[in-house]
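Take a look at the structure set out below.
The values are calculated or read from the model by the stated rules, or taken from the named source; none is laboratory data. What you see is a predicted model; the values in this text were computed from it and never measured. Methodologically, a virtual Cβ is constructed for each residue, glycine included, from the backbone with ideal geometry; neighbour enumeration extends over all protein chains shown. Heads up: the accessible areas ignore ligands, DNA and RNA and are worked out on the full protein's heavy atoms, side chains in. Shrake-Rupley method; radii C 1.70, N 1.55, O 1.52, S 1.80 Å.
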Amino acid sequence: MIDFHAHLDLYPDPQATARECVARDLYVLSVTTTPSAWAGTAALAKGAPRIRTALGLHPQIAHERRGELPLFERLLPQVRYVGEVGLDGGPEYRRHWSDQEQVFSRVLELCARAGGRILTIHSRRAATHVLDALETRPGAGTAILHWFSGTQKELSRAVDLGCWFSIGPAMLVGDKGRALVTKMPHDRVLTESDGPFAQVDGRAAWPWDVDQAVGTLAQIWSEPVDAVRSRLLENLRRLTKELPANS
Ligand code: MN
């Protein structure tokens, strides 16, 4: 199983959560919300080769943490994965829009300059702006739109731009999310939990709750669960081969 977007460092007991991921043989992309959280979060993955740590600067706190961009730049050569980054167009974050745009644009510029990275991207109520930014800087790497919630039109544009998608159980609860998933290319889909932020059955999602998303994908794609599992693993392998294994 694959959880390509989890906030391991934000669980009440991050070590225990990481150990449980290892015990369950889960592939995890452990994302961070600030560059200063990267070192401590990466330490959770020590001795756990299936857990990779992404360097992030979350759009919802871009205005408070933009001063950490130099640290982001210093750490970037050590990482292959970047996230959580992106833009949030929700009303509560709109007044910090220019900070968000500057941070995201700088992140993409740095990634392009570094030869490209695998990025897990937040695009809540901002899909068009995120796609505009990605289009401007194609060298930034491979973009995985996490929990995509844009329109069908934005989705086809994202597909045309080469984006991937990570989808979790929370996204698959409603008709809108399911309708979007139907249009995503099967070879560019991964699963995610977005735990502990996302909810599953009225509680914080665990990384291994991605299993529920695998079951729903099997229904949507009319494929056996095992076939879906193999396809997702094959996708992960292909994704991680697209960039040189420099770190
Ligand atoms: Mn997240």
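Quick look at the numbers
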{"quantity": "Scope region 30-47; condition open to solvent by 10 Å² or more (accessible area, probe 1.4 Å) and over 21 Å from residue 92 (Cα atoms); matching residues", "calculated": "36, 37, 38, 39, 40, 42, 43, 44, 45, 46, 47"}
{"quantity": "Leading residue by the ranking (farthest from the ligand (Cβ to nearest atom)) among those in region 65-91 that are within 24 Å of residue 241 (Cβ to Cβ) and either open to solvent by 70 Å² or more (accessible area, probe 1.4 Å) or part of a helix (DSSP H, G or I) (or both)", "calculated": "77"}
{"quantity": "Of all residues making up region 184-207, the number that are part of a strand (DSSP E or B), out of contact with any helix residue (DSSP H, G or I) (no Cβ under 9 Å at 6 or more places or on another chain) and away from the ligand (no atom under 14 Å from the Cβ)", "calculated": "1"}
{"quantity": "Residue selected from region 92-104 under the condition polar (S, T, N, Q) and open to solvent by 50 Å² or more (accessible area, probe 1.4 Å), by the criterion farthest from residue 54 (Cα to Cα)", "calculated": "98"}
{"quantity": "Scan of region 210-239 for residues that are of a type in the set (D, E, K, R) and exposed (fewer than 14 other Cβ atoms within 10 Å of the Cβ), ordered by number", "calculated": "226, 234, 237, 238"}
{"quantity": "Flag for residue 161 being of a type in the set (A, V, I, L, M) and in contact (Cβ under 8 Å) with a residue 40 or more places away in the chain", "calculated": "no"}
{"quantity": "Verdict on residue 57 being open to solvent by less than 10 Å² (accessible area, probe 1.4 Å) and either assigned to a loop (DSSP other than H, G, I, E, B) or within 14 Å of the ligand (Cβ to nearest atom) (or both)", "calculated": "yes"}
{"quantity": "Any hit, region 44-53, residues being of a type in the set (S, T, N, Q) and either away from the ligand (no atom under 13 Å from the Cβ) or within 16 Å of residue 166 (Cβ to Cβ) (or both)", "calculated": "yes"}
{"quantity": "Residues within region 43-94 that are of a type in the set (Lys, Arg), closer than 20 Å to residue 126 by Cβ and modelled with pLDDT of 95 or more, tallied", "calculated": "2"}
{"quantity": "Subset of region 154-183 [assigned to a loop (DSSP other than H, G, I, E, B) and touching an Asp or Glu at 6+ places or on another chain (Cβ under 9 Å)]", "calculated": "161, 168, 169, 170, 171"}
{"quantity": "Subset tally (residues that are away from the ligand (no atom under 15 Å from the Cβ) and part of a loop (DSSP other than H, G, I, E, B)) for region 126-153", "calculated": "3"}
{"quantity": "Residue check, residue 62 open to solvent by less than 30 Å² (accessible area, probe 1.4 Å), assigned to a helix (DSSP H, G or I) and within 16 Å of the ligand (Cβ to nearest atom)", "calculated": "yes"}
{"quantity": "Hits in region 115-125 (condition: in contact with a strand residue (DSSP E or B) (Cβ under 9 Å, 6 or more places away or on another chain) and either open to solvent by 30 Å² or more (accessible area, probe 1.4 Å) or within 15 Å of the ligand (Cβ to nearest atom) (or both))", "calculated": "115, 119, 120, 121, 122, 123, 124"}
{"quantity": "Failed condition for residue 46, given (1) among the basic types (Lys, Arg); (2) in a loop (DSSP other than H, G, I, E, B); (3) closer than 19 Å to residue 76 by Cβ", "calculated": "(3)"}
{"quantity": "Options 188, 237: the member that is without any contact (Cβ under 8 Å) to a residue 24 or more places away in the chain and within 17 Å of the chain's Cα centre (by Cα)", "calculated": "237"}
